[in-house]
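The values are calculated or read from the model by the stated rules, or taken from the named source; none is laboratory data. Note that this is a predicted model, so its numbers are computed, not measured. So basically every Cβ, Gly included, is an ideal-geometry build from the backbone, and we count neighbours across all protein chains shown.
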């Protein structure tokens, strides 16, 4: 049951980081990044009280979802880059899409969700470090502005905030400027009071830097290795 022990340790670290920032750890959600991990390990995490999970590939999760149907109340989020041709399948599998990075993808998701007669929580993914190898919209791009201005016509999508993966640094402190930049972007969008855009969620921070992310305002940390151990190589 080392996964349960890992979750307990992560929650303790979250509590300490929140306390240092003058925040309550109850304001920060813990997402277990379960991509590449087998269903039995996900069940262990669920048994330990984890309910929020992140996956990054539609095909991989489609195979696991049928084996995890008994996990009542589990919340499955897509956190990886989503191709537009997989939008319809994704909205059937996931309870949230945290990686919207174009108006075209939003259009595809909205059309697919309308057919299911439901609402879909979404986050806009920001390429906060301007890295060519990563998806997401640039914080000062026309694409982001188009997404913000177009959100009102996507009636089936609920835009709840921002997500980002900063450039990796061995020192967690190296991510702090990027976390701060995402928080400042969130605050700037919030101040505009755009219709149907809520920016309450700041999904940032992973296993090696989530404490810094919490101190910079994260409301959801995405933790994989610190919970499940090293992920299986593709």
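Some observations on this one:
- Here residue 172 fulfils each of the conditions (1) surrounded by fewer than 19 Cβ atoms within 10 Å (Cβ to Cβ); (2) within 21 Å of residue 82 (Cα to Cα); (3) in contact (Cβ under 8 Å) with a residue 40 or more places away in the chain apart from (2).
- Residues in region 198-216 that are surrounded by fewer than 20 Cβ atoms within 10 Å (Cβ to Cβ) and either closer than 15 Å to residue 184 by Cα or touching a strand residue (DSSP E or B) at 6+ places or on another chain (Cβ under 6 Å) (or both): 198, 200, 207, 215.
- Comparison of 107, 184, 125 shows that the only residue that is modelled with pLDDT of 95 or more and under 30 Å from residue 229 (Cβ atoms) is 125.
- When the test is whether a residue is buried (at least 17 other Cβ atoms within 10 Å of the Cβ), at pLDDT 95 or above and over 27 Å from residue 41 (Cβ atoms), residue 151 does not pass it.
- Meets criteria (touching a residue at least 60 places away in the same chain (Cβ under 8 Å), touching a strand residue (DSSP E or B) at 6+ places or on another chain (Cβ under 7 Å) and either surrounded by 13 or more Cβ atoms within 10 Å (Cβ to Cβ) or in a helix (DSSP H, G or I) (or both)) for residue 227: yes
- Single match in 230, 211 (criterion: touching a helix residue (DSSP H, G or I) at 6+ places or on another chain (Cβ under 7 Å) and either more than 21 Å from residue 15 (Cα to Cα) or at pLDDT 95 or above (or both)): 211
- Qualifying residue in region 29-36 (condition: within 26 Å of residue 151 (Cβ to Cβ), surrounded by 15 or more Cβ atoms within 10 Å (Cβ to Cβ) and modelled with pLDDT of 95 or more): yes
- Residues of region 77-100 satisfying the condition of being crowded, with 20+ Cβ neighbours inside 10 Å and touching a helix residue (DSSP H, G or I) at 6+ places or on another chain (Cβ under 8 Å): 78, 82, 87, 90, 91, 94, 97, 100
- Residue check for residue 143: assigned to a helix (DSSP H, G or I), touching a strand residue (DSSP E or B) at 6+ places or on another chain (Cβ under 6 Å) and in contact (Cβ under 8 Å) with a residue 24 or more places away in the chain: yes
- Any hit, region 174-192, residues being under 18 Å from residue 123 (Cβ atoms) and assigned to a loop (DSSP other than H, G, I, E, B): no
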